Amino acid sequence: MKSIETILVANRGEIAVRVMRTAKAMGLRTVAVYSDADTHAMHVRQADRAMPLGGNTPAESYLNSDAILQAALDAGADAIHPGYGFLSENTAFAAACADAGVIFIGPPAAAVEVMGDKALAKRAMLSADVPCIPGYQGEDQSVDALYREADTIGMPVMIKAAAGGGGRGMRRVAELDDLRQGIELARSEAESAFGNGDLILERLVEGARHVEIQVFADTHGNVVHLGERDCSLQRRHQKVVEESPCPIMTPALREAMGAAAVNAARAVGYVGAGTVEFLLDAKGDFFFLEMNTRLQVEHPVTEYVTGFDLVEWQIRVAQGEVLPAQQDDVDLFGHAIEVRLCAEDPAAGFLPSAGSVNRFYVHEREGLRIDTGIETGDSVSPFYDSMVAKIIAWGETRETARLRLRAALQGTALMGVTHNRGFLLELLDQASFINGDATTDFIDRRYPEGYVSGSVPTGILAGAIALQQGLVADASYESSLSVSPELLGWVSTGGAVRRHTYQVGEQDFSAMVSSSEAGAFTIDLADISHRVEIQAMRDGVATLLIDDCRTPLGYQVNDQATVHISSDACDFALINRDLIPPETQEEALGGRVVAPMHGQLVSLLVEANQSVEKDQRLGVFEAMKMQHEILASVSGVVQELNAQVGQQLAAGDTILVIDELSGD
């Protein structure tokens with residue numbers, strides 16, 4: 001097989017940037033492809049050459065296999081690296097690459113076809129004596145057949161998209177009465193995400209860990225495993241925290257799981273990087289879940305503890321080389337933990353967020369790696385995945401890695417979009433995680449009503465109030481004529497005292513603010529008082545003395561009334577309600593049901609003049625590759641429908657209006 005000199009990366013975001021990093025280190029030229037929405041994206045800036053695909057949606061761009069292959073030919077690329085997602089497990093695209101004489105850096109099409117279909121994969125693994133979860137993976141996809149099989153398996157069950165991954169097309173169902181709705185949602189999401197609505201059923205293994213084995217195979221018959229990753233902290237079946245090694249792994253269990261994973265790869269003639277996922281129950285029994293026939297999002301933790309560059313391995317195997325190491329050469333050292341920093345709102349059911357990134361910064365430190373496709377000034381697009389960065393920490397021990405990761409998150413600022421930093425910090429501090437006891441149901445059990453951030457410390461709140469007062473004063477000074485800087489903060493009657501009404505989240509409160517000199521404030525909050533001095537404000541970071549303690553605060557100003565704050569403890573928006581004109585105060589939505597963000601209305605389950613109850617399911621909205629239920633905000637009668645199924649909507653667009661029932 002010919003040597004690779006130029007690689008086109010058929011992806012975007014952090015994985016495109018990460019693949020290019022290794023390719024350049026190997027002396028290879030890199031080619032990016034980009035949609036209209038990604039014209040100025042980081043992966044485009046970092047490539048040696050960039051080819052436009054046009055369009056915004058994945059179907060128009062990163063799933064447009066013909067356009068991507070033509071871009072590779074036009075750019076003279078020898079190979080295409082698909083990253084993960086998009087075309088990474090598309091057998092037709094891999095075949096088209098081969099026909100065009102372009103190397104597809106991935107496994108053989110036959111292996112992808114088997115392992116990419118959960119039903120075919122389960123059948124193949126059962127034939128290879130790989131332990132599997134009891135379930136149904138038959139061809140009869142009728143609702144009646146799924147009902148019968150679920151009753152036989154026993155409730156609760158997991159419904160899974162046969163062709164799926166990444167948590168899409170997946171639903172947990174506890175009662176047979178809820179099975180029909182679960183099937184409808186899973187099938188709709190699967191058809192939208194994968195173009196295939198086939199489903200499988202599995203018995204729910206409760207209180208289990210998600211443990212996966214990284215495997216690698218070459219064209220010379222060599223297959224090795226590179227240890228395991230524990231990915232048990234999940235929400236909506238999507239991984240949130242990943243680590244290697246698994247906290248409860250033993251040498252004997254690793255050998256057994258590794259052997260099963262290698263057997264699974266050999267059973268389908270696998271070549272390249274792959275991950276065999278297992279559920280590990282409390283008794284130490286493990287069961288095959290699926291095989292991901294691509295590089296995983298969480299591969300950096302394996303790279304940290306093995307010292308191997310998995311993308312380099314992929315490239316070398318793709319050009320016909322023997323694996324760089326054999327099984328006896330694989331040794332795990334230290335511990336690595338990864339978190340996914342995402343643009344999403346944990347307090348609103350983890351609804352994805354999109355918009356401009358006004359500031360993104362992570363303090364670099366020893367044992368820390370940041371994989372990202374975003375820089376300050378970039379945007380999180382509503383058309384693609386919401387992940388902003390992966391932050392990975394390594395340590396000689398698990399606790400060292402945890403503390404390093406925690407410190408890195410505390411020093412992270414992401415402003416302009418809502419994000420999950422506070423949620424990640426809280427997870428890292430949970431006793432179950434610290435002790436290594438967390439299982440796949442941990443987040444659901446710990447946060448049954450969803451995640452709600454804690455209250456803002458009063459010192460940080462006082463600092464934010466002082467900072468906003470300082471920003472308003474600076475703005476007033478800039479617009480003034482002939483005012484000497486020495487007169488800033490001075491009043492003839494001594495210190496000025498003002499009462500202001502503020503809002504943080506849903507909470508309104510009053511504060512007394514007094515100042516007798518520029519940049520120095522006393523903030524009285526109910527029965528507690530804080531002294532705040534502003535020492536410096538520069539490039540979105542303010543240095544404050546709060547009760548004589550030096551405290552940095554990241555900040556972003558939307559307008560004089562609102563300042564967004566990022567501290568090592570929390571992120572919040574402070575609104576000075578006294579600075580908001582009454583006519584611009586936001587009115588309550590009442591019976592107006594709006595699009596939560598840019599996306600597509602997938603289904604609408606009500607008609608005009610129909611009566612609905614509060615929290616009744618009205619339809620399904622798809623955004624950033626996930627589907628979200630639309631619920632009635634009030635009880636009443638549907639007055640008008642303002643959107644149609646299939647329509648693309650912007651955040652805040654009205655979907656329908658409910659004439660609210662009177663409380664009389």
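For residue 497, state whether it is among the aliphatic types (A, V, I, L, M), closer than 26 Å to residue 361 by Cβ and at pLDDT below 85. Reasoning before the result, please.
Numbers: among the aliphatic types (A, V, I, L, M): yes; closer than 26 Å to residue 361 by Cβ: no; at pLDDT below 85: yes.
So residue 497 fails the test.
Checking each residue in region 613-630 for being touching a strand residue (DSSP E or B) at 6+ places or on another chain (Cβ under 6 Å), of a type outside the set (D, E, K, R) and either assigned to a strand (DSSP E or B) or without any contact (Cβ under 8 Å) to a residue 24 or more places away in the chain (or both) picks out 618, 619, 620, 621, 623, 627, 628, 630.
To keep it simple, each residue is scored yes or no on (1) surrounded by fewer than 23 Cβ atoms within 10 Å (Cβ to Cβ); (2) of a type outside the set (Gly, Ala, Ser); (3) not assigned by TED's automatic domain parsing to the domain that holds residue 198.
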| residue | (1), (2), (3) |
| --- | --- |
| 47 | no, no, yes |
| 52 | yes, yes, yes |
| 59 | yes, no, yes |
| 73 | yes, yes, yes |
| 78 | yes, yes, yes |
| 91 | yes, yes, yes |
| 110 | yes, no, yes |
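Are any residues in region 139-169 more than 32 Å from the chain's Cα centre (by Cα), closer than 20 Å to residue 191 by Cα and part of a loop (DSSP other than H, G, I, E, B), and if so, which ones? Passing the criteria: 139, 140, 142.
Taken over region 427-443, the criterion of being closer than 15 Å to residue 235 by Cβ and surrounded by fewer than 17 Cβ atoms within 10 Å (Cβ to Cβ) is satisfied by 430, 432, 441.
Whether any residue in region 314-336 is crowded, with 20+ Cβ neighbours inside 10 Å, within 14 Å of residue 371 (Cβ to Cβ), hydrophobic (A, V, I, L, M, F, W, C) and touching an Asp or Glu at 6+ places or on another chain (Cβ under 7 Å) is what I want to check. Yes: one or more hits. Pairing residues of region 355-369 that are farther than 30 Å from residue 651 by Cβ with residues that are among the hydroxyl-bearing types (Ser, Thr, Tyr), at Cβ distances under 9 Å and at least 6 apart in sequence or on separate chains, gives 363/412; 367/304; 367/400; 369/304. Among all residues of region 79-89, there is at least one that is in contact with a Lys or Arg (Cβ under 7 Å, 6 or more places away or on another chain), charged (D, E, K, R) and modelled with pLDDT of 90 or more. Residues of region 15-34 that are more than 27 Å from the chain's Cα centre (by Cα) and part of a helix (DSSP H, G or I): 25 alone.
Looking at the structure I just gave you, is residue 236 surrounded by 21 or more Cβ atoms within 10 Å (Cβ to Cβ) and in contact (Cβ under 8 Å) with a residue 60 or more places away in the chain?
Numbers: surrounded by 21 or more Cβ atoms within 10 Å (Cβ to Cβ): no; in contact (Cβ under 8 Å) with a residue 60 or more places away in the chain: yes.
The answer is no for residue 236.
Specify the residue that is modelled with the highest pLDDT; the eligible residues are those in region 534-570 that are in a strand (DSSP E or B) and charged (D, E, K, R). For region 534-570, the residue satisfying everything is 550. In region 247-270, the qualifying residues are those that are surrounded by fewer than 18 Cβ atoms within 10 Å (Cβ to Cβ) and either of a type in the set (D, E, K, R) or not in a helix (DSSP H, G or I) (or both), and the one that is nearest to the chain's Cα centre (by Cα) is 247.
Working carefully through the options 398, 369, 359, find the one that is at negative phi and either modelled with pLDDT under 95 or in the same structural domain as residue 16 (by TED's automatic domain parsing) (or both).
Values: 398 fails: either modelled with pLDDT under 95 or in the same structural domain as residue 16 (by TED's automatic domain parsing) (or both); 369 fails: either modelled with pLDDT under 95 or in the same structural domain as residue 16 (by TED's automatic domain parsing) (or both).
The match here is 359.
Please determine whether any residue of region 82-92 is part of a helix (DSSP H, G or I) and within 21 Å of residue 194 (Cβ to Cβ). Looking for residues that are part of a helix (DSSP H, G or I) and within 21 Å of residue 194 (Cβ to Cβ), one finds at least one in region 82-92, hence yes. Candidates are the residues of region 288-324 that are aliphatic (A, V, I, L, M) and out of contact with any Gly (no Cβ under 8 Å at 6 or more places or on another chain); the one that is modelled with the lowest pLDDT is 289. For residue 123, the stated conditions do not hold, so it cannot be described as assigned to a strand (DSSP E or B) and among the charged types (D, E, K, R). Mind listing just one residue for me: the one in region 293-343 that is in a helix (DSSP H, G or I) and β-branched (Val, Ile, Thr) and, of those, farthest from residue 108 (Cα to Cα)? The qualifying residue farthest from residue 108 (Cα to Cα) is 305.
A Cβ distance below 8 Å, combined with a sequence gap of six or more or placement on separate chains, defines the contacts here; from region 199-211, residues that are closer than 22 Å to residue 181 by Cβ reach residues that are among the polar types (S, T, N, Q) and surrounded by fewer than 19 Cβ atoms within 10 Å (Cβ to Cβ) in the pairs 199/141. Quick check: is even one residue across region 423-446 acidic (Asp, Glu), farther than 30 Å from residue 282 by Cα and either modelled with pLDDT under 95 or not in a helix (DSSP H, G or I) (or both)? No - not one qualifying residue is present in region 423-446.
Of all residues assigned to region 396-414, none qualifies as being farther than 24 Å from residue 304 by Cα and polar (S, T, N, Q). Inspect region 398-408 for any residue being part of a loop (DSSP other than H, G, I, E, B) and not β-branched (Val, Ile, Thr) and give the result as yes or no. No, region 398-408 contains no residue that is part of a loop (DSSP other than H, G, I, E, B) and not β-branched (Val, Ile, Thr). When only residues in region 155-167 that are surrounded by fewer than 21 Cβ atoms within 10 Å (Cβ to Cβ) and in contact (Cβ under 8 Å) with a residue 60 or more places away in the chain count, which is farthest from residue 84 (Cα to Cα)? Only one residue tops the list, namely 167.
If a residue has to be in contact (Cβ under 8 Å) with a residue 24 or more places away in the chain and more than 20 Å from residue 211 (Cβ to Cβ) to count, how many in region 126-154 make the cut? Break it down into steps so the answer makes sense when it comes.
Of all residues in region 126-154, those in contact (Cβ under 8 Å) with a residue 24 or more places away in the chain come to 127-137, 141, 143, 146-147, 149-151, 153-154.
Now drop any that are not more than 20 Å from residue 211 (Cβ to Cβ), which leaves 127, 136-137, 141, 143, 146-147, 149-151, 153-154.
Number of matching residues: 12.
Restricting 502, 451, 477 to those that are modelled with pLDDT under 95 and within 31 Å of the chain's Cα centre (by Cα) reduces the list to 451.
The values are calculated or read from the model by the stated rules, or taken from the named source; none is laboratory data. Here the structure is a predicted model, which is why all the values come from computation and not from measurement. As a convention, Cβ positions derive from the backbone with ideal geometry for all residues, glycine included, and neighbour counts pool all protein chains shown.
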